[in-house]
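Read-outs: derived from the displayed coordinates by stated rules, not from any lab. Predicted model, so just to flag it, every value in this text is computed and none were measured. FYI the Cβ positions are ideal-geometry reconstructions off the backbone, even for glycines, and counts take in every protein chain you see.
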Amino acid sequence: MANQKSEVGELDHIDEILLDDLAIAEQVEKAKQERNAVILAHNYQRPEIQDIADYTGDSLGLARQASGTDADVVVFCGVHFMAETAYILSPEKVILLPEPEAGCPLADMATPEEVGKMHSENPGSVVISYVNTSAAVKAESGYCCTSSNAVQVVNAVEEDTVLFVPDRNLAAYVEGQVDKRIIAWNGYCPVHEEITLEQVLEALSNHPGVEVIAHPECRPQILAMAHHIRSTSGMIDAALASTAEEFIVCTEEGMLYPLSKAVPEKMFYPPAGEHICPNMKLITLSKVLWALQTLEPRVTVPEEIRVRALGAVERMLALG
Ligand code: 13P
Ligand code: SF4
């Protein structure tokens, strides 16, 4: 009986949370109209954030949306470098990052000083920086790239030697796809780095015969066994195009939500273990509402850095 009571109590509590979420989501919608704002969310965001977003996608898709929107205000539900990229492209807009502490440890692994030094030590090379970098690092780069176009960008540049910053796993993957010399920065994403071969094999033993989809930030051993190596949004395309019905998804586990939403007839499983990007989960509905009401916290970039970073981002976008 006592148990039953506590179960009913717990259900009431869950109902209250859902009602709260619903009420906040309604206020967010109202505030969004009043501000002429658009809400952009990365694929790893909490489900309730993805549900209120005007657009959910990967880094490249989000950058394109940010540059294409005619909204006055962009609420960026992602991490700091993503909001910075939106500002680089659209400095006339108010770019809000509802949680200013939402950073990316991978992006923090490269500084503009170190990248500039490495470039000067390798004359004739070009710096290609992954979008997961600060604006200041992008400003030191010839081109920017994302996980969905890295191979294309490396192939498109004139130079035969590429300094690839900062993700070593993506760099190794690109190196295997192109006929150029890649000098890799020694950075990595802690979330993807912690996905081990054993964890993927454990998931495969529970779901034999399924296909493996991996993000290129995963370790080379994982990429070697993957059927599909894609950006987060590319994973949705791969699942739609494949004849397989079930997949192990090697990336941050928030990705299971947009995959299940876009491809509800197929099954998606994580590798063993917990693979959560804590930074991506910092943004909540209440913080989005607060940001819309106060137009804070804003993300900006000093103009001198922005124009140089813009060159690298625009050269990437121009490749289509
Ligand atoms: P995508 O551009 O593939 O969404 O990747 C962003 C990211 O931070 C992956 O960890
Ligand atoms: Fe950065 Fe990794 Fe989080 Fe992506 S998952 S935002 S690369 S820490």
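With the charge dipole of the stretch 242-318 set up from +1 on Lys and Arg Cβ and -1 on Asp and Glu Cβ about the Cα centre, the Cα lying farthest toward the positive end among the listed residues L259, G311, P278 is that of G311. Once you reduce the stretch 227-298 and the stretch 138-205 to the center of their Cα atoms, the two points are 20 Å from each other. Defining a contact as two alpha carbons under 8 Å apart and six or more residues distant in sequence, what relative contact order in percent does the stretch 223-320 show? Answer for the stretch 223-320 is 18 percent.
Under the criterion of Cα pairs below 8 Å and six or more residues apart, the relative contact order for the chain equals 22 percent. Checking every one of the GluC sites (Glu not before Pro) in the stretch 205-256 against DSSP loop status and a limit of 16 other Cβ atoms within 10 Å picks out E245. Springs between Cα atoms under 10 Å define the GNM used for the chain, and in it the highest mean-square fluctuation of A309, A184, A107 occurs at A184. Of Q65, Q152, Q177, which is the most mobile in a GNM of the chain whose springs link Cα atoms less than 10 angstrom apart? Judging by the Gaussian network model, the answer is Q177.
Of the beta bridges in the chain, as assigned by DSSP with both residues counted there, near 5 percent are antiparallel.
Pairs exceeding 31 Å between alpha-carbon atoms, taken from K180/K261; K117/K287; K93/K180; K138/K281: K180/K261; K117/K287; K93/K180.
Note on the chain: helix-only mean residue ellipticity at 222 nm, from DSSP H runs of 4+ residues weighted -39500 (n - 2.57) and normalised by residue number, equals -14000 deg cm²/dmol.
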